[in-house]
Amino acid sequence: MRGAVLVLVREDGAAPVDAAALTVAQALWDLVAGHFDRFAVEALPGALARSRAAADTRARVIAELTASHTAALSGVLGVLRSRALDDTTARTTATDLAASALIEMRAEQRRDRALAEEPAQDAFERLAGELRPMLRHSQVRLDLGAPDSARTLAADVAHSARAIVRSLLLIVLEQDSVRRIHVGWQLTEHELRASVRDDGAGALAPCDLGAGTIRDRLDVLGGRLDMDAVPGWGTTITAVIPLAAPAAPVGAAHPLSGLGEREVEVLRHLALGHRNRRIAEELHISESTVKFHVANILNKLSVNSRGEAAALFHAAA
C-alpha cells in the first residue's frame, strides 16, 4: 500500500475538518493499509492462488489485445506497402482501416463483456470481418468456410479460436509462394476444428509456428495443434479445441490441501522463518501444541525439515 492516497470529499460544503477528526481518519487509513499490506506479505495459499488467477486472466486479455493490434497493423502496413495505390489514396485507406479497426475492437470488448456464449456462425463471421482487412490489398486470395452448425460456443472458446486463426494467418502469410489461403471452422460433437490451409511450397515446419502464445492458449483450453505439410502442395494447420472444459488431471489437487486450517497457519509462520515460541505467541497456543502441528505438517507433506516444508509453501503460492 505504499504510495496510496485517501481522498475524503465533504458533500455539505461545510468548513474544513478539524485536526482531531483528520487524526482519526489517518489512524483508520493506516489500519486498513496495514491490513492489506499484511495480505500481500503473509497471504494464505488460497488467497495467493486467487491473486495469481486474476493475474493470469489479465495476461490473457493483454495477449488477446496484442493479437488484435497486430492484425490491424498488418492491414495498415499492407496498404502502405501496396504499389497499386498512390500516396494520397494509401493514406486515406490506411486511416479508414485504422479507424474501423479501433471501432471494431471497442465494440468487441463490449460484446465480450456482455456475452457468455456465441452462435458458431456469428463467431466465424466476426473472424471473417477481422481477416478480410489483413488481405484487402494483398495478392493472396482468402477463401472462408463457415461452420455448418447452429450450435453455440462458449465465449472463451470462440474468442480464443479467432485469436489463434489470426496468429496462424500471419505466420502463413510470411511465405513468398502463397497465393491462396482457406480458413474454415468445423464443429463436431465434442470439438471445434479451426483450420488454415495455404497453397505454398509446403515447407513450413512445426517450429515455424512458435512456442508461445498459440500453444499456450491451446494448452489452457485442453486443445492441440495439428500440421500437415506436403512439399509442392501447401500446408494445413488445424487448431483442435474441445467444446467442454478440460477435466482436471488426476493428482492435480493443491499440494497443501491435506493440511488443516490451523496447520496451514503454522506452516505460513514457518515459511516466514518464525521459531516455535514466536508462532505460539502469534497464534495464542502453547509451544508444545506448535511442535505437535509441525510434526503433523512434516508427516503430511512427506518432508524431513521445516525448510523443506517452507519451500513447499512458497512453491504452492
Could you tell me which numbered condition Ser149 fails, if it satisfies all but one of (1) touching a Leu at 6+ places or on another chain (Cβ under 9 Å); (2) among the hydroxyl-bearing types (Ser, Thr, Tyr); (3) surrounded by 18 or more Cβ atoms within 10 Å (Cβ to Cβ); (4) within 27 Å of Glu118 (Cβ to Cβ)?
(3)
Somewhere in segment 201-218, is a residue of a type in the set (S, T, N, Q), modelled with pLDDT under 80 and within 24 Å of Ile164 (Cα to Cα)?
yes
So Val196, is it within 27 Å of Ala120 (Cβ to Cβ), in a helix (DSSP H, G or I) and either under 23 Å from the mean Cα position of the chain (by Cα) or in the same structural domain as Ile164 (by TED's automatic domain parsing) (or both):
no
So, of the residues in segment 161-214 that are closer than 12 Å to Thr236 by Cα and of a type in the set (Gly, Ala, Ser), which turns out to be surrounded by the most Cβ atoms within 10 Å (Cβ to Cβ)?
Ala194
Looking at Gln175 and the list (1) without any contact (Cβ under 8 Å) to a residue 60 or more places away in the chain; (2) more than 26 Å from Ser138 (Cα to Cα), which single condition is not satisfied?
(2)
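What residue, of Ala150, Ala128, is of a type in the set (Gly, Ala, Ser), in a helix (DSSP H, G or I) and either more than 20 Å from Ser68 (Cα to Cα) or at pLDDT 90 or above (or both)? Outline the logic, then answer.
Values: Ala150 fails: in a helix (DSSP H, G or I).
Going through Ala150, Ala128 in turn, just one is of a type in the set (Gly, Ala, Ser), in a helix (DSSP H, G or I) and either more than 20 Å from Ser68 (Cα to Cα) or at pLDDT 90 or above (or both): Ala128.
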Return the total of residues in segment 299-317 being free of Cβ contacts under 8 Å to residues at least 24 places away in the same chain and touching a helix residue (DSSP H, G or I) at 6+ places or on another chain (Cβ under 6 Å).
1
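The values are calculated or read from the model by the stated rules, or taken from the named source; none is laboratory data. Model, not experiment: these values are computed from the prediction. No Cβ is skipped: glycine too gets one built from the backbone with ideal geometry, and neighbour counts run over all protein chains shown.
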